[in-house]
1. Counting just the residues of segment 175-195 that are of a type outside the set (Ser, Thr, Tyr) and not in a helix (DSSP H, G or I), which one comes out surrounded by the most Cβ atoms within 10 Å (Cβ to Cβ)?
2. For segment 5-29, how many residues meet the condition of being closer than 24 Å to PHE52 by Cα and within 15 Å of the ligand (Cβ to nearest atom)?
3. Kindly indicate the residue of segment 136-172 that is aliphatic (A, V, I, L, M), in contact with a helix residue (DSSP H, G or I) (Cβ under 9 Å, 6 or more places away or on another chain) and surrounded by fewer than 17 Cβ atoms within 10 Å (Cβ to Cβ) and also nearest to LYS32 (Cα to Cα) among those meeting that condition.
4. Suppose the filter is among the β-branched types (Val, Ile, Thr), modelled with pLDDT of 95 or more, within 16 Å of the ligand (Cβ to nearest atom) and crowded, with 20+ Cβ neighbours inside 10 Å; does VAL91 pass it?
5. Which pairs do you get when a residue that is among the acidic types (Asp, Glu), found in segment 41-70, comes within reach of a residue that is buried (at least 20 other Cβ atoms within 10 Å of the Cβ) and not in a loop (DSSP other than H, G, I, E, B), reach meaning Cβ atoms under 6 angstrom, with the pair 6+ apart or on two chains?
6. ARG50 passes all but one of (1) farther than 13 Å from THR179 by Cβ; (2) of a type in the set (Lys, Arg); (3) under 11 Å from the mean Cα position of the chain (by Cα); which number fails?
7. In this structure, is ASP58 crowded, with 17+ Cβ neighbours inside 10 Å, over 14 Å from the mean Cα position of the chain (by Cα) and either within 13 Å of the ligand (Cβ to nearest atom) or within 26 Å of SER156 (Cβ to Cβ) (or both)?
8. Taking segment 150-174 only, how many residues are in a helix (DSSP H, G or I) and either under 17 Å from the mean Cα position of the chain (by Cα) or of a type outside the set (A, V, I, L, M) (or both)?
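The values are calculated or read from the model by the stated rules, or taken from the named source; none is laboratory data. What you see is a predicted model, and the numbers here were worked out from it, not measured in a lab. Here the Cβ is made from the backbone with ideal geometry for all residues, glycine too, and neighbour counts use every protein chain on show.
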Amino acid sequence: MLLDTTTLNQQRNFFDGHTDIWLFGYGSLIWKADFAYLERQPAYITGWARRFWQGSHDHRGTPDAPGRVATLIRAQGEVCHGMAYRITPDVLAPLDIREKNGYLREKVSLTFRGQHGNAQTAKAATEGLIYLATEDNPAFLGEAPLDDIAHQIAHSHGPSGSNKAYLLNLARALRELGTDDAHVFAIEKQLLRYQ
Ligand code: SIN
C-alpha cells in the first residue's frame, strides 16, 4: 500500500536554522548517494538493527508486487553501521521524495567511526537524521522467514531496478565498510542460490 510521507516530512524540521545536517544512511543511502553532500564519514548508531521488513512499491517493486527494502527496528545492545553525510538543508526535499513510501525523518545520535570524527568540528558524535519506516506505516511488511524474504527479493523489480541489486549492493557496501550484518548476509546467501 502506498503512503506518501513527503508532506509529513516537510513538517519534521528537527534542525531548523542549521546550515548543515548530518544524515545517517543505513540502506540504499549507503551505496546510492545520488545527492549533494559536503563530506561523508562511516558512522554507527546504537540500539537499532537493520531489517528487510519495509515494502517497496515505488523503487524495487510495484504496488501489486512490492519488494523488500531496509528499515530499522529498536534492538537493545545492537549497533548499526552505515554512512553519515553532511548535507545542506535543501537536500532534504529530494530525499523526502525518494523516501516517500512510508519513511519519516527521525532524529538520532550517531557516532563517527573515524579517529578524528567529524572533520568540521572534531566531534566523535553528533545528532543527525535518519529516514525510518516504522511498523505502523502501511508499506511495512514485517518479519518473515529469511527464505521467504530472499524469494520475494529475488523476484521483485521496480522503477529503480531489481530488488536483488538493492540487497547485493548493500551487502557489498557493508563489506567495504568492514562491518558484519548477519541479517543482510544471510539473505544474500539465500539470494545467491537463485542466480
Ligand atoms: C536509508 O538508506 O538510510 C533509508 C532506506 C533506504 O532508502 O534504503
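1. Once the filter is applied, the top-ranked residue is ASP181.
2. 11
3. That would be LEU146.
4. No; evaluated as a whole, the condition is false for this residue.
5. Short answer, once both residue conditions are applied: ASP58/ASN101.
6. Against the list (1) farther than 13 Å from THR179 by Cβ; (2) of a type in the set (Lys, Arg); (3) under 11 Å from the mean Cα position of the chain (by Cα), ARG50 comes up short only on (1).
7. Yes.
8. Of the residues in segment 150-174, 15 are in a helix (DSSP H, G or I) and either under 17 Å from the mean Cα position of the chain (by Cα) or of a type outside the set (A, V, I, L, M) (or both).
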